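What follows is a set of notes on a single structure, which appears directly below.
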Amino acid sequence: MGDPPLSHNAMLRAGRLAAMMAARALAGPAQSVFRSRISPPGSATGGTLGGAAYTTAAQLEKSAIDRLARVLEHHRSVLSSVNASDRLRSVDPKAVFCNRELRLNDIDVIGFDFDFTIANYKPTLQVLLYELARDYMVGEGYKEQLLQLKYDPNFAIRGLAYDKRTGMLLKLDPSMYLDDTCVFRGRTRLSRAQVRSLYGGSCHLSQSYVEKNLRVMQDLFCLPEATLLADIIQLYDSLEVPFDAQYVFEDVRSALEAIHSGRGRDGGMHRCVMREIGKYLDTDTSIFRILEDLRKAKKRTMLITNSSHDFVNVGMSHLLEESHAAAEGTHWTSYFDIVICSASKPRFYTQDRPLRRIDPLTGRLSWDRVKELRAGEIYVNGNVQLLHDLMRIAPERVLYFGDNLPADLVSPSRAHSWRTGAIVRELEREIAIENSEAYYVATARLEHMKATLAQVSAMKTTVPPHCQAFYEAALADLKEEHRLEEMRAQRLFNPQFGSTFRCRDYISSFGSTVQRWSDVYASRVDQMLHYGPTHAFFPRPPDATRAAGLELCGLCRADVSVNQ
């Protein structure tokens, strides 16, 4: 789908309408009289009577029409002159950003997730997940036409919600208002009128409706899930196959859980990746330099992941081998003080599960209770309270980095006062787009369009009755022009759903979660290499954020950082 056309014709129509309104007003009758003071009945012309000024209806009408014409003319002039020469400074997309003050001198333990935090995967992993789940569903009875479907990496974004009642993919803001410009059934975008009809005339969803019907997709593993859901619904709609949207959702979830647990074609996702690790895992080995720096600064480090020990072992061994940083015979576990696999986050933070030692060669679990944690050992399961006790650490002196918002940020921060760092891969690309001339021009035009709409809307009561039709047509053209420009700006990020961090003029629910539950955030964990282990991060105030030209609704606040 291409970009929406520029609405130059709409501006010309608005100008012509203003001229027609002016001509109609001047030619119209002027029977009534508006006086600043009481005037004698029968007076029909402007002038003064006993020192009291009064104005004819024709004069007031002409004044209102002239004012509207001037606003529209200024609007066209401003839009035609917008360029990127007035841009404020760009933002470094590879920076570490800050929501709340964080002094690394106050941190004793720094932890990391594995998937999409230490391990940066290539796009081939998303393709693999999609195809394995698709094939599994065909094996469970779904139509064989599914096998013709291919993964589209440009369809979905993180933070979307799937409505199990209606089968829609949509984007929410923190107040549970949906963006009615990007609601999809399958691959079909609904009109605003269709969206409002579907949801009872409102774009607001109640908290109870959200909790009962919506599945919010917060991590990067969800992108193939959202795309497969849309593709199945599109296919079944086109074939006129009756289905229930909730059943399709449950079947897709079952397929993804199956391939994560080793079922399905080729032994599931983990086995496929382990057999061809270089095909799926990026060779970013900066984590070992980060761990070395932290060790020199007397920081303790830990790896806590939901992935199995054998999968993590293959991935970390590959990264260590590619790094050429370690002496021969060095094992990757020596870089961490604690390694916990199969942690089952977020249950790790809320449930009392025993911590067990595992033999990495045989996969057998120990029978004796773990009474102390040793570097070089691998543990599974466990719970956060036991971790605190065995490591003898204060929760507020732990900093944990991860990409999964509920599991890696919300739960440890809310329940245990851990400090958190969000790894948001989309950040780098979206900041680069916001630094671009195209985005600056689009947002500048949008801001002016909104100001003009506010001005013209406020003129409604001043427009004479016989010119209302022309006024309404001009206002409708301005609204359509604004809608098309808004869609053009959104498509700079994603053709279907726009920015991951925006929900029209507001921050998205996903962006709000990052803002609320992470102390610092970056696109990759290796951005920490630009800062020392004694850095102090301070957020800029909102006014400074705006002055810096940052456009992520206040989310992307460049930090002020100092060495201590």
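The values are calculated or read from the model by the stated rules, or taken from the named source; none is laboratory data. The structure presented is a predicted model; accordingly, all values stated were derived computationally and were not measured. Ideal geometry is used to build each Cβ from the backbone, glycine not excepted, and the neighbour counts take in all protein chains shown. We work out accessible area using only protein heavy atoms, side chains counted, and drop any ligands, DNA or RNA first. Shrake-Rupley method; radii C 1.70, N 1.55, O 1.52, S 1.80 Å.
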Scanning the range 95-117 residue by residue, those under 13 Å from LEU294 (Cβ atoms) and assigned to a loop (DSSP other than H, G, I, E, B) turn out to be ILE107, ASP108
When every residue in the range 456-493 that is surrounded by fewer than 16 Cβ atoms within 10 Å (Cβ to Cβ) and of a type in the set (Asp, Glu) is compared, the one farthest from TYR439 (Cα to Cα) is GLU472
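Identify, please: which residue in the range 252-263 is surrounded by 19 or more Cβ atoms within 10 Å (Cβ to Cβ) and in contact with a Gly (Cβ under 9 Å, 6 or more places away or on another chain) and is, among those, nearest to LEU169 (Cα to Cα)? Spell out the reasoning first.
Start the filter on the range 252-263 by keeping residues that are surrounded by 19 or more Cβ atoms within 10 Å (Cβ to Cβ), which leaves 252, 255-256, 258-260.
Cutting the leftovers down to in contact with a Gly (Cβ under 9 Å, 6 or more places away or on another chain) gives us 255, 258-260.
On the way: ALA255: 19, ALA258: 23, ILE259: 23, HIS260: 23 Å.
Checked the range 252-263; the qualifying residue nearest to LEU169 (Cα to Cα) is ALA255.
Yes/no matrix, rows are residues, columns are (1) outside any helix (DSSP H, G or I); (2) over 22 Å from the mean Cα position of the chain (by Cα); (3) among the aliphatic types (A, V, I, L, M); (4) under 17 Å from LEU172 (Cα atoms):
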| site | (1), (2), (3), (4) |
| --- | --- |
| ASP477 | no, yes, no, no |
| GLU480 | no, yes, no, no |
| LEU484 | no, no, yes, no |
| MET487 | no, no, yes, yes |
| SER499 | yes, no, no, yes |
| GLY511 | no, no, no, yes |
| PHE538 | yes, yes, no, no |
Just checking, does the range 309-323 include any residue being outside any helix (DSSP H, G or I) and either at pLDDT below 95 or aliphatic (A, V, I, L, M) (or both)?
no
Any chance you could count how many residues in the range 384-411 are touching a helix residue (DSSP H, G or I) at 6+ places or on another chain (Cβ under 9 Å), more than 27 Å from GLN527 (Cα to Cα) and open to solvent by 30 Å² or more (accessible area, probe 1.4 Å)?
1
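Do we find a residue being polar (S, T, N, Q), over 22 Å from GLU486 (Cα atoms) and more than 19 Å from the chain's Cα centre (by Cα) anywhere in the range 174-194? Give the steps one after another, and end with the answer.
So in the range 174-194, the residues polar (S, T, N, Q) come out as 175, 181, 188, 191, 194.
Of the ones still in play, those that are also over 22 Å from GLU486 (Cα atoms) are none.
Checking the range 174-194: not a single residue is polar (S, T, N, Q), over 22 Å from GLU486 (Cα atoms) and more than 19 Å from the chain's Cα centre (by Cα).
Name the one entry in ASP293, ASP284, ASP266 that is touching a residue at least 40 places away in the same chain (Cβ under 8 Å), open to solvent by 50 Å² or more (accessible area, probe 1.4 Å) and over 30 Å from ARG392 (Cα atoms). First the steps, then the outcome.
Values: ASP293 fails: over 30 Å from ARG392 (Cα atoms); ASP284 fails: open to solvent by 50 Å² or more (accessible area, probe 1.4 Å).
From the options ASP293, ASP284, ASP266, the qualifying one is ASP266.
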Failed condition for LEU355, given (1) buried (at least 16 other Cβ atoms within 10 Å of the Cβ); (2) farther than 24 Å from TRP418 by Cα:
(2)
Restricting attention to the range 240-257, report how many residues are over 15 Å from ARG165 (Cα atoms), under 26 Å from the mean Cα position of the chain (by Cα) and acidic (Asp, Glu).
1
Any idea which of (1) touching a residue at least 24 places away in the same chain (Cβ under 8 Å); (2) surrounded by fewer than 16 Cβ atoms within 10 Å (Cβ to Cβ); (3) more than 30 Å from LEU205 (Cα to Cα) is the one ASN154 doesn't satisfy?
(3)
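Part of a helix (DSSP H, G or I), surrounded by fewer than 18 Cβ atoms within 10 Å (Cβ to Cβ) and small (Gly, Ala, Ser): does that describe SER77? Before the answer, list the steps.
On the way: part of a helix (DSSP H, G or I): yes; surrounded by fewer than 18 Cβ atoms within 10 Å (Cβ to Cβ): yes; small (Gly, Ala, Ser): yes.
So SER77 passes the test.
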Residue under evaluation GLN234, criteria (1) of a type in the set (S, T, N, Q); (2) out of contact with any Lys or Arg (no Cβ under 6 Å at 6 or more places or on another chain); (3) in contact (Cβ under 8 Å) with a residue 24 or more places away in the chain; (4) open to solvent by 60 Å² or more (accessible area, probe 1.4 Å), criterion not met
(2)
For the condition free of Cβ contacts under 8 Å to residues at least 40 places away in the same chain and within 21 Å of GLU430 (Cα to Cα), what is the one hit in GLU486, GLU447, GLU472?
GLU447
Residues of the range 331-352 being touching a helix residue (DSSP H, G or I) at 6+ places or on another chain (Cβ under 7 Å) and open to solvent by 50 Å² or more (accessible area, probe 1.4 Å), in sequence order, are PRO346, THR350
Please go through the range 362-374 and give me each residue that is open to solvent by 70 Å² or more (accessible area, probe 1.4 Å) and under 14 Å from THR333 (Cα atoms), ordered by number.
ARG374
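Given ALA193, ALA226, which one is out of contact with any Gly (no Cβ under 8 Å at 6 or more places or on another chain), closer than 30 Å to MET269 by Cα, among the small types (Gly, Ala, Ser) and outside any loop (DSSP other than H, G, I, E, B)? Break it down into steps so the answer makes sense when it comes.
Values: ALA193 fails: closer than 30 Å to MET269 by Cα.
Going through ALA193, ALA226 in turn, just one is out of contact with any Gly (no Cβ under 8 Å at 6 or more places or on another chain), closer than 30 Å to MET269 by Cα, among the small types (Gly, Ala, Ser) and outside any loop (DSSP other than H, G, I, E, B): ALA226.
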For the range 122-148, give me each residue that is buried (at least 18 other Cβ atoms within 10 Å of the Cβ) and either in a loop (DSSP other than H, G, I, E, B) or of a type in the set (A, V, I, L, M, F, W, C) (or both).
LEU125, LEU128, LEU129, LEU132, ALA133, MET137, TYR142
